[in-house]
Amino acid sequence: MTEHDDGSLDATARVVDPATTDDERRIEAALRPRRLADFPGQRRVRDQLGLVLEAARRRESPPDHVLLSGPPGLGKTTLAMIIAAELEQPMRITSGPAIQHAGDLAAVLSSLAEGEVLFVDEIHRMARPAEEMLYLAMEDFRVDVIVGKGPGATAIPLELPPFTVVGATTRAGLLPAPLRDRFGFTGHLDYYATEDLQLILTRSAGLLEIESTREGIHEIASRSRGTPRIANRLLRRVRDWAQVHGQHVVDQEAALVALELFDVDKQGLDRLDRAVLEALCKRFGGGPVGLSTLAVAVGEEPDTVETVAEPYLVREGYIVRTPRGRSASRTAWQHLGLTPPTPVAGQDHLPLGDQPRRFDH
């Protein structure tokens with residue numbers, strides 16, 4: 001735990017997703033596949049997207065707009081770059097938080113060339129006026145530029161060349177229906193299987209000139225939470241440990257010791273995940289407990305707990321989201337080495353949802 005100047009403790013420092021430096025960005029960019037055929041995993045999305053792009057090439061016209069959704073680190077940005085590469089078109093990159101006024105978007109749209117790919121990351125965070133301008137541009141390839149103010153203001157239509165919008169979002173449900181309906185293809189990326197992560201890590205090790213063994217790669221892949229971004233970062237941390245200790249080979253022994261050093265356990269849970277589980281089980285008796293209360297208990301923002309830790313914990317069955325808050329499952333208690341509360345007679349599960357919390361003492 002990290003002690004702050006005020007004496008409080010921060011149990012949520014995450015070693016599997018550290019602040020990205022310029023060197024890290026360059027390394028991650030170098031590890032991105034350039035073509036759809038080289039993109040591992042996500043087979044259904046890859047096949048569907050390949051069909052859409054091939055049809056567009058044969059028609060010699062831009063493809064339908066593409067929406068990519070899914071948790072962070074699964075390859076949405078990489079797929080956007082692959083789309084531009086497959087179409088042999090330049091790509092313009094922006095993000096939802098950067099577009100807070102319709103004028104910002106109008107400036108970007110008016111400078112697009114025919115066939116260009118516009119990638120909008122975190123598209124659900126765009127301002128509402130910009131969203132309305134974007135879905136008009138996506139459908140009719142024009143924007144209305146407002147000149148003047150008040151009663152004398154006039155709208156001048158500006159025609160745009162055909163282009164393709166690729167939107168990426170971690171929360172597709174926050175997109176307004178009119179904008180979501182403008183996307184002709186929607187692909188949802190899910191967590192990767194360990195076998196796919198092994199392929200990714202083997203390729204990354206080759207590109208980074210890291211000598212590795214199959215057992216070492218498997219150990220890292222099995223603890224990477226189904227996320228390639230985390231897998232590649234853990235690979236570099238294990239490489240660092242091996243080099244410092246004179247091994248120069250990422251084998252199973254190096255992976256085991258290095259991942260223990262960086263607080264990544266066998267199930268891929270890190271310090272924040274365990275802090276959430278310990279708060280649920282030790283402080284709140286297994287829950288249910290509200291998200292805000294849980295976030296305060298671990299010293300984090302509610303959004304961080306909900307978007308960073310919770311998806312994996314829910315997916316793996318450690319916590320359950322109920323109408324009354326978050327509850328710990330038996331798996332969570334067992335993972336922490338604790339004995340779950342004993343239910344009353346005739347009740348073979350922990351009370352969740354709207355059931356009353358009654359335990360024998």
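The values are calculated or read from the model by the stated rules, or taken from the named source; none is laboratory data. In this text, all values refer to a predicted model and were calculated from it rather than measured experimentally. Cβ sites come from the backbone with ideal geometry, for glycine too, and all protein chains shown count toward neighbours.
Filtered by the rule that a residue be over 22 Å from the mean Cα position of the chain (by Cα) and either surrounded by fewer than 17 Cβ atoms within 10 Å (Cβ to Cβ) or acidic (Asp, Glu) (or both), region 203-218 gives Gly206, Leu207, Leu208, Glu209, Glu211, Thr213, Arg214, Glu215.
Might you check whether a residue that is in contact with a strand residue (DSSP E or B) (Cβ under 9 Å, 6 or more places away or on another chain) and either loosely packed, with under 12 Cβ neighbours inside 10 Å or at pLDDT below 85 (or both) occurs anywhere in region 161-170? No: zero hits. Of everything in region 291-307 that is crowded, with 20+ Cβ neighbours inside 10 Å and in contact (Cβ under 8 Å) with a residue 60 or more places away in the chain, the residue that is farthest from Ala328 (Cα to Cα) is Glu300. Among the residues here, Leu174 does not qualify as at pLDDT 85 or above and either in contact with a Ser or Thr (Cβ under 8 Å, 6 or more places away or on another chain) or surrounded by fewer than 18 Cβ atoms within 10 Å (Cβ to Cβ) (or both).
Examine region 35-46 for a residue that is modelled with pLDDT under 90, loosely packed, with under 11 Cβ neighbours inside 10 Å and hydrophobic (A, V, I, L, M, F, W, C), and state whether such a residue exists. Checking region 35-46: at least one residue is modelled with pLDDT under 90, loosely packed, with under 11 Cβ neighbours inside 10 Å and hydrophobic (A, V, I, L, M, F, W, C). Applying the criterion of at least 3 residues that are within 19 Å of the chain's Cα centre (by Cα) to the helices (runs of 4 or more DSSP H) found wholly in region 225-341 leaves 228-244, 271-278, 310-315.
Residues that are touching a residue at least 60 places away in the same chain (Cβ under 8 Å) and part of a helix (DSSP H, G or I) within region 198-218 comprise Leu199, Ile200, Arg203, Ser204, Leu207, listed in sequence order. Only one entry of Asp240, Asp251 meets the criterion of being buried (at least 17 other Cβ atoms within 10 Å of the Cβ), of a type in the set (Asp, Glu) and not assigned by TED's automatic domain parsing to the domain that holds Gln334, and that entry is Asp251. Applying a threshold of 6 Å to beta carbon distances and a minimum spacing of six or more residues, or different chains, the list of pairs starting in region 156-170 at a residue that is assigned by TED's automatic domain parsing to the domain that holds Gly103 and ending at one that is small (Gly, Ala, Ser) and assigned to a strand (DSSP E or B) reads Thr169/Ser69.
Of all the residues that make up region 114-129, how many are of a type in the set (Gly, Ala, Ser) and modelled with pLDDT under 85? Selection size over region 114-129: 1.
Candidates Leu68, Leu49: the one that is under 24 Å from Leu199 (Cβ atoms), outside any helix (DSSP H, G or I) and touching a Gly at 6+ places or on another chain (Cβ under 7 Å) is Leu68.
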